[in-house]
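Engineer: Take a look at the following structure, please.
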Amino acid sequence: MKFITLKQNIKSPHRPFIYSLNADAIENIQTQEGSQNVYTEVIMRSGTRYYVRETQEQILELINGPSNITRVEVIDSEGRDYIKTNVNATVSMQDDNRTLKVFIK
């Protein structure tokens with residue numbers, strides 16, 4: 001189970017909430033335009049809705065890992081075992097966060 005931390009409920013700016021949400025329980029993430037600003041709505045499988053300042057892209061990066069990886073290294077007890085540069089790589093956590101997968105293009 002992976003938890004992500006999101007900042008302040010936009011609909012209640014006078015109350016500085018910080019949410020810790022189970023990433024596996026997120027149903028949908030969508031950008032909304034309010035009367036004064038743009039915010040992101042996070043909808044949980046339970047139906048609970050959170051209105052936060054982070055963009056959809058920032059939330060997905062918290063869940064999936066960074067998307068701008070250009071160098072990959074695997075280091076074991078003997079040192080660097082695998083090095084690849086000038087790549088476009090993404091990271092994914094799977095199997096209840098027991099498997100780290102790196103996809104290299």
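Engineer: Check VAL42 against each of (1) without any contact (Cβ under 8 Å) to a residue 12 or more places away in the chain; (2) part of a strand (DSSP E or B); (3) under 16 Å from THR5 (Cβ atoms) and name the one condition it does not meet.
Structural biologist: Of (1) without any contact (Cβ under 8 Å) to a residue 12 or more places away in the chain; (2) part of a strand (DSSP E or B); (3) under 16 Å from THR5 (Cβ atoms), only one is false for VAL42: (1).
Engineer: What do you reckon, is GLN36 touching a Phe, Trp or Tyr at 6+ places or on another chain (Cβ under 7 Å) and at pLDDT below 80?
Structural biologist: Numbers: touching a Phe, Trp or Tyr at 6+ places or on another chain (Cβ under 7 Å): no; at pLDDT below 80: yes.
Considered against the rule, which asks whether it is touching a Phe, Trp or Tyr at 6+ places or on another chain (Cβ under 7 Å) and at pLDDT below 80, GLN36 comes out as no.
Engineer: Pairs only if they're at least six apart or on different chains, beta carbon under 6 angstrom, first in region 57-83 and under 30 Å from GLU27 (Cβ atoms) and modelled with pLDDT of 85 or more, second of a type outside the set (Asp, Glu) and part of a strand (DSSP E or B); list them, first residue then second.
Structural biologist: Qualifying pairs under 6 Å: ILE59/ILE29.
Engineer: With (1) touching a Ser or Thr at 6+ places or on another chain (Cβ under 8 Å); (2) modelled with pLDDT of 85 or more; (3) closer than 21 Å to LYS7 by Cβ as the list, and THR48 as the residue in question, which single condition is left unmet?
Structural biologist: Of (1) touching a Ser or Thr at 6+ places or on another chain (Cβ under 8 Å); (2) modelled with pLDDT of 85 or more; (3) closer than 21 Å to LYS7 by Cβ, only one is false for THR48: (1).
Engineer: Related question: Would you call THR31 assigned to a strand (DSSP E or B) and surrounded by 12 or more Cβ atoms within 10 Å (Cβ to Cβ)? Outline the logic, then answer.
Structural biologist: Working: assigned to a strand (DSSP E or B): yes; surrounded by 12 or more Cβ atoms within 10 Å (Cβ to Cβ): no.
In short, no.
The values are calculated or read from the model by the stated rules, or taken from the named source; none is laboratory data. The shown structure was predicted, so the numbers you read here are calculated from the model rather than taken from an experiment. With ideal geometry, Cβ positions are generated from the backbone for all residues, glycine too; neighbour counts draw on all protein chains shown.
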